[in-house]
1. Can you find even one residue in the range 68-83 that is under 18 Å from the mean Cα position of the chain (by Cα) and buried (at least 21 other Cβ atoms within 10 Å of the Cβ)?
2. Criterion first (over 24 Å from A153 (Cα atoms) and either at pLDDT 90 or above or in contact with a helix residue (DSSP H, G or I) (Cβ under 8 Å, 6 or more places away or on another chain) (or both)) does F284 satisfy it?
3. Scan S51, S95 and give me the residue that is closer than 28 Å to A153 by Cβ, at pLDDT 90 or above and touching a Gly at 6+ places or on another chain (Cβ under 8 Å).
4. So, A277, is that one buried (at least 18 other Cβ atoms within 10 Å of the Cβ), under 19 Å from V25 (Cβ atoms) and of a type in the set (G, A, S) or not?
5. Condition first: surrounded by fewer than 21 Cβ atoms within 10 Å (Cβ to Cβ) and small (G, A, S). Now tell me which residues in the range 93-115 satisfy that.
6. Restricted to the range 94-122, and to residues that are in contact with a Ser or Thr (Cβ under 7 Å, 6 or more places away or on another chain) and free of Cβ contacts under 8 Å to residues at least 40 places away in the same chain, which residue is farthest from N265 (Cα to Cα)?
7. Show the residue pairs meeting these rules: Cβ distance below 6 Å; 6+ apart or different chains; first residue within the range 271-297 and under 30 Å from V113 (Cα atoms); second residue of a type in the set (D, E) and surrounded by 10 or more Cβ atoms within 10 Å (Cβ to Cβ).
Amino acid sequence: MTWGSTIRHAGFEKLAMRLLFAWVVGNHIPNVLPFQGLPAPNGAARFLNLSVLLDPRVLAGCRYVLYAALVLYVLRIGWSFALPYMTFLSIAVGSVINSQGAISHHLQIVSLVLLAQTGAHFRSLFGRSRGRAREEIGRREDRLIAWSQQAIAATYLVSALTKLIHTKGAWILQSPMIAVQIVKTTEQSYFNQLDPAALATGVAMAEWLAHHPLLVALTLSSGLVLELAAPVLLLGRGYALFYGLALIAFHETVGRVMRLHFINNQYLIWIYLVNVAYWTSFAFRAIRTRVARRQAA
């Protein structure tokens with residue numbers, strides 16, 4: 001496996017990825033957006049009137065169209081409509097959520113992977129070299145998967161570089177100060193939703209972090225190193241597997257220690273990096289081959 005090459009995936013792998021990713025996309029769009037307006041327009045909300053999504057009837061209609069797009073996506077037809085629509089709705093909903101005065105990242109990676117898949121789809125349709133035959137659909141889907149992996153790698157690498165650039169390399173020393181940001185975000189969320197339980201949980205989390213600065217620094221510094229190594233996952237299936245499992249372990253640690261959960265990140269890691277369908281098949285073939293050799297001996 002070399003940089004820039006595209007792995008050929010079996011049909012069962014692609015089907016599993018499409019089904020699982022469709023499930024993630026369908027579930028990451030909330031049923032309602034419980035906000036009164038867009039007090040701090042962010043992202044696409046700066047250019048488009050996304051306040052219409054605050055109307056439950058409009059959002060419900062968008063979700064019905066999303067279900068149709070997801071069916072098309074799984075059936076591998078109509079991607080020229082399905083992928084752009086899924087991408088736009090994901091970005092729009094994320095922009096509405098991030099226009100409340102606090103920035104949340106829990107939808108971001110899904111939008112980025114959707115954007116990458118949309119780009120890969122239209123690159124396959126219109127970006128081929130002159131005189132080259134149209135790529136068969138299986139090969140085009142391999143490109144979608146490869147670009148999805150690249151989007152995941154870019155997400156983690158950019159996250160690490162941003163931390164280092166904005167702190168001038170002092171991010172590890174400053175990482176315990178995340179408790180202050182959590183209090184700020186929790187209070188902003190409280191004044192939007194007036195949920196005392198969520199406020200108490202956020203404050204308790206911040207207090208715990210403030211009292212355990214060394215553990216916070218050690219946990220987050222290991223994550224920084226892991227994020228900086230993100231391009232390694234593009235070297236092949238084995239690299240993606242072990243890097244994916246390391247990321248899962250990191251997210252689980254952060255979730256248990258600091259109660260910061262990035263569940264969508266973990267879903268996409270399981271789908272596109274760990275790729276359980278492939279490795280289960282690989283293990284089954286290896287066991288069957290070993291049994292056959294013993295019987296032949």
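The values are calculated or read from the model by the stated rules, or taken from the named source; none is laboratory data. Fair warning: this is a prediction, and the values are worked out from it, not measured in the lab. Ideal geometry is used to build each Cβ from the backbone, glycine not excepted, and the neighbour counts take in all protein chains shown.
1. Applying the first criterion (under 18 Å from the mean Cα position of the chain (by Cα)) to the range 68-83 yields 70, 73, 83.
Those still in the list that are buried (at least 21 other Cβ atoms within 10 Å of the Cβ) too: 73, 83.
Scanning the range 68-83, I find at least one residue that is under 18 Å from the mean Cα position of the chain (by Cα) and buried (at least 21 other Cβ atoms within 10 Å of the Cβ), so the answer is yes.
2. Values: over 24 Å from A153 (Cα atoms): yes; either at pLDDT 90 or above or in contact with a helix residue (DSSP H, G or I) (Cβ under 8 Å, 6 or more places away or on another chain) (or both): yes.
So F284 passes the test.
3. Values: S51 fails: closer than 28 Å to A153 by Cβ.
The match here is S95.
4. Working: buried (at least 18 other Cβ atoms within 10 Å of the Cβ): yes; under 19 Å from V25 (Cβ atoms): yes; of a type in the set (G, A, S): yes.
Criteria met by A277.
5. Scanning the range 93-115 gives G101, A102, S104.
6. For the range 94-122, the residue satisfying everything is T118.
7. Hits for this filter: A277/E13; Y278/E13.
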